[in-house]
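Take a look at the structure set out below.
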Amino acid sequence: MAGDVAREALRARVRAMPWTVRLQLRALDAGVDATQRRDGTINRFLFSLLVDRQAPANPALPDALGVRSVDVTVDASTGVRARIYFSSAPTAAGTEPSPTPRPVIVYFHGGGFTYFSAATRPYDALCRTICRETGAVVVSVSYRLAPEHRFPAAYDDGEAALRYLATTGLPAEVPVRADLTRFFLAGDSAGANIAHHVAQRWTAAATPPPIRLAGLLLLAAYFGGVDRTESELALEGVAPIVNLRRSDFWWKAFLPDGADRNHPAAHVTGEAGPELELPEAFPPAMVVVGGLDPLQDYGRQYAAMLRRKGKEVRVVEFPDAVHAFYFFPVLPDTGKLVAEIKAFVESTGPEPIA
């Protein structure tokens with residue numbers, strides 16, 4: 001009886017979201033379920049029709065936020081591309097933007113390693129907002145998707161994006177300078193998982209790379225394990241997007257054949273085995289947790305692991321936030337999240353970004 005009361009209270013909190021948001025979340029749930037085949041593959045054509053609306057880049061003219069974007073090829077051999085966002089708005093005095101080098105946020109989208117791209121409309125909108133509010137250059141990576149490209153393809157592509165920026169720099173169409181000492185890796189859901197693993201690889205390099213990672217921004221991080229967490233069980237059948245069946249599908253699509261959810265790509269916090277050591281240069285992290293997200297316990301476990309390793313970590317909790325709440329600008333928590341990201345980026349430099 002007590003369990004039923006608690007579950008109904010959770011449902012009531014989900015129902016408290018605006019009906020327009022709940023309708024869009026149901027449509028996303030339906031689109032995911034309709035395109036996951038029994039053989040473990042995905043009907044990408046149907047998903048593009050039902051769910052994945054794409055936004056074009058706008059290299060010539062800024063949008064209403066004063067942000068422009070260009071698409072670039074990161075690695076021609078793998079087909080990995082990225083979309084680069086930069087603010088071209090004039091300063092308050094009407095002059096051109098400051099030549100001061102900008103921080104760079106390399107963003108990895110979510111989607112269970114299997115869906116979406118940098119051009120997906122909610123991600124395009126989110127990256128534009130982050131760019132405008134932080135003053136940073138945002139590089140959103142379209143990494144290769146599973147199950148066509150399993151582990152470690154997404155991690156390889158994340159590293160490739162950093163190598164591209166380290167060797168090629170920003171393209172000529174982006175008239176700003178990058179601060180090589182203030183790079184951030186960011187991502188949501190599976191993208192947060194990618195950001196962690198790329199940070200671990202990059203900072204473990206025997207020779208110090210030319211790009212310094214100043215911070216890690218993990219939103220609703222997608223980690224896992226064979227043993228279900230309390231939040232996974234409590235929110236099963238209640239929360240949108242993430243449930244046990246879908247999550248198991250995504251892990252099976254991404255992990256090597258025969259691997260379970262205790263594989264080091266999924267389970268990084270040591271409960272199921274020894275924890276990997278983090279390099280000394282592993283950056284400070286901001287971990288964002290939603291109180292209505294089944295993945296919330298993994299986020300807290302991850303933050304606790306960082307503290308055990310002596311790493312700086314800040315946990316930002318949104319008690320009434322569902323998974324992917326940042327898709328919806330109408331939700332107040334989305335604006336609060338962007339403000340937290342801005343504060344975290346600015347905390348790495350002597351002065352706020354203009």
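Count charges around residue 339 for me, please; just the other residues with Cβ under 12 Å from its Cβ, Lys/Arg as +1, Asp/Glu as -1.
With Lys, Arg at +1 and Asp, Glu at -1, the net is -2.
Of all beta bridges DSSP finds with both residues in the chain, what is the antiparallel percent, to the nearest 5?
Once the DSSP bridges in the chain are tallied, antiparallel ones form about 35 percent.
Determine, from the Cβ-Cβ distance of residue 204 and residue 309 and an R0 of 22 Å, the FRET efficiency 1/(1 + (r/R0)^6), rounded to the nearest 0.05.
It comes to 0.95.
Projected onto the charge dipole of the chain (+1 at Lys/Arg Cβ, -1 at Asp/Glu Cβ, origin at the Cα centre), which of 298, 125, 274 gives the Cα projection farthest towards the positive end?
Result: 125, furthest along the dipole toward the positive end.
Multiply the residue gap between residue 212 and residue 41 by 0.36 nm, knock off their C-alpha separation, and tell me the result in nm, one decimal place.
57.8 nm
Relative contact order for the chain: what is it in percent, counting Cα pairs under 8 Å that are at least 6 residues apart?
That works out to 17 percent.
Just check the stretch 1-159 against the gyration tensor rule for me: Cα atoms, a ≥ b ≥ c as the square roots of the eigenvalues, rounded for a/c under 1.5, and otherwise prolate or oblate depending on whether a/b exceeds b/c.
oblate
Between residue 262 and residue 34, what length comes free when the chain is fully extended (0.36 nm per residue of separation minus the Cα-Cα distance, one decimal in nm)?
Value of the extension gain: 79.3 nm.
Taking a ≥ b ≥ c as the square roots of the Cα gyration tensor eigenvalues, with a/c under 1.5 meaning rounded and otherwise prolate when a/b beats b/c, else oblate, which class fits the stretch 270-354?
Note, shape of the stretch 270-354 comes out oblate.
Mind jotting down the three principal axis lengths of the stretch 201-354 based on Cα atoms? Whole angstrom, largest first.
Principal-axis extents of the Cα atoms in the stretch 201-354, largest first: 46, 43, 25 Å.
Once R0 is set to 35 Å, what does the formula 1/(1 + (r/R0)^6) return for the Cβ-Cβ distance between residue 26 and residue 163, expressed as a FRET efficiency to the nearest 0.05?
After rounding, the FRET efficiency stands at 0.30.
How would you order 233-240, 27-34 from highest to lowest mean count of nearby Cβ atoms within 10 Å?
The peptides rank, most packed first, as 233-240, 27-34.
Restricting attention to the stretch 226-296, which trypsin sites (Lys or Arg not before Pro) occupy a DSSP loop and are surrounded by at most 16 other Cβ atoms within 10 Å?
Within the stretch 226-296, the qualifying trypsin sites (Lys or Arg not before Pro) (loop, at most 16 other Cβ atoms within 10 Å) are 228.
With a 1.4 Å probe and every protein chain left in place, work out the accessible area per residue of the stretch 222-354 in Å², rounded to a whole number.
Heavy-atom accessible area per residue stands at 44 Å².
In terms of the Cα gyration tensor, with a ≥ b ≥ c the square roots of its eigenvalues, is the stretch 159-221 rounded because a/c is under 1.5, prolate because a/b exceeds b/c, or oblate?
Because a/c hits 1.5 or more and a/b fails to exceed b/c, the stretch 159-221 counts as oblate.
The stretch 191-230 to the stretch 112-139: how many Å between their Cα centroids?
Measuring centre to centre over Cα atoms gives 18 Å.
Starting from the 7 Å offset along Cα-to-Cβ, what nm value, one decimal, do you get for the label separation of residue 60 and residue 330?
Each label point lies 7 Å from its Cα, and together they span 3.3 nm.
Taking the Cα centre of the stretch 104-175 as origin, work out the dipole magnitude from +1 charges on Lys and Arg Cβ and -1 charges on Asp and Glu Cβ, in debye rounded to 20.
Result for the stretch 104-175 is approximately 120 debye, rounded to the nearest 20.
Run through the DSSP bridge list for the stretch 41-176 and note the antiparallel percent, rounded to the nearest 5.
For the stretch 41-176, the DSSP antiparallel bridge percentage is about 75.
Using only the alpha carbons of the chain, determine the length spanned along each of the three principal axes and report them from longest to shortest in whole angstroms.
For the chain, the Cα spread along each principal axis is 64, 46, 38 Å.
Using alpha-carbon positions, what is the distance between the centroids of the stretch 270-332 and the stretch 48-79, in Å?
Here the two parts' Cα centres lie 28 Å apart.
Can you give the local net charge around residue 56? Use residues other than it whose beta-carbon is closer than 13 angstrom to its beta-carbon, Lys and Arg +1, Asp and Glu -1.
+2
How many nm separate the modelled label positions at residue 181 and residue 9, each set 7 Å beyond the Cα in the direction of the Cβ?
It is 5.0 nm.
Based on DSSP H runs of at least 4 residues, each adding -39500 (n - 2.57), what is the mean residue ellipticity at 222 nm of the chain after dividing by all its residues, to the nearest 500 deg cm²/dmol?
Calculated from helices alone, the mean residue ellipticity at 222 nm is -11000 deg cm²/dmol.
The values are calculated or read from the model by the stated rules, or taken from the named source; none is laboratory data. For clarity, every value in this text was computed on a predicted model and none was experimentally measured. Methodologically, a virtual Cβ is constructed for each residue, glycine included, from the backbone with ideal geometry; neighbour enumeration extends over all protein chains shown. When the accessible area is computed, the model is the full protein with side chains, heavy atoms only, and any ligands, DNA or RNA have been set aside. Shrake-Rupley method; radii C 1.70, N 1.55, O 1.52, S 1.80 Å.
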